1. Taking the Cα centre as origin and putting +1 on Lys and Arg beta-carbons and -1 on Asp and Glu beta-carbons, what dipole magnitude results for the range 2-102, to the nearest 20 debye?
2. Which entry in (i) 14.3, 47; (ii) 20.8, 73; (iii) 12.2, 35 is this structure's computed Rg and Dmax of the Cα atoms in Å?
3. Testing the spin-label approximation: label points 7 Å from Cα along Cα→Cβ at LEU57 and SER90. State their distance in nm.
4. What is the log10 of I(q)/I(0) for the range 70-112, computed with the Debye formula using one identical point scatterer on each Cα and no solvent, at q = 0.15, 0.19, 0.21, 0.29 Å⁻¹?
5. Would you calculate the separation in nanometres between label points at SER21 and LYS3, each defined as 7 Å from the Cα along the Cα-to-beta-carbon direction?
6. Mind checking the range 1-70 for GluC sites (Glu not before Pro) that DSSP puts in a loop (not H, G, I, E or B) and that have at most 10 other Cβ atoms within 10 Å?
Amino acid sequence: MIKPLGAEILCEGNMTQSQISGGYCGDLLSDCIAHASEGSVWVTIHSHPNIIAVAVLVGMPCIVITNFQEIDPQTIEKARKENITLLRTSLTSYQAVEVLSKSGIPGTKKHA
């Protein structure tokens, strides 16, 4: 997943490929909490430390930050503390989702 995204590893959490059950793309934190499924890779443009809290709450082991956004150092530190894999790519969110989909990671949603 990392190589096809051309991603930089900002934090290597405890994620394994077997933990990934799907993907979710969204930039509204409350929408992600309401609709993302446990085990999802989360694709977002957000880099604020609150994304780590959302990932932990939902049970998402990996966040992909797109558009090569600047990352708050607190975000990386929180990811380390919570064992969340944090990646950054220059791809747009749309492109990142396309890459993940072609890699066999389906889109998922709670209550689908």
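1. Magnitude of the dipole: close to 200 debye.
2. The listed entry that was calculated here is (iii).
3. The modelled label-to-label distance comes out at 3.4 nm.
4. Log10 of I(q)/I(0), two decimals: -0.57, -0.81, -0.88, -0.95.
5. Distance between label points: 2.8 nm.
6. Sparse-neighbourhood loop GluC sites (Glu not before Pro): GLU70.
Every number in this text was worked out from the coordinates using simple rules, so none of it is lab data. Fair warning: this is a prediction, and the values are worked out from it, not measured in the lab. A quick note on method: Cβ atoms are made from the backbone with ideal geometry, for glycine too, and the neighbour counts reach across all protein chains shown.
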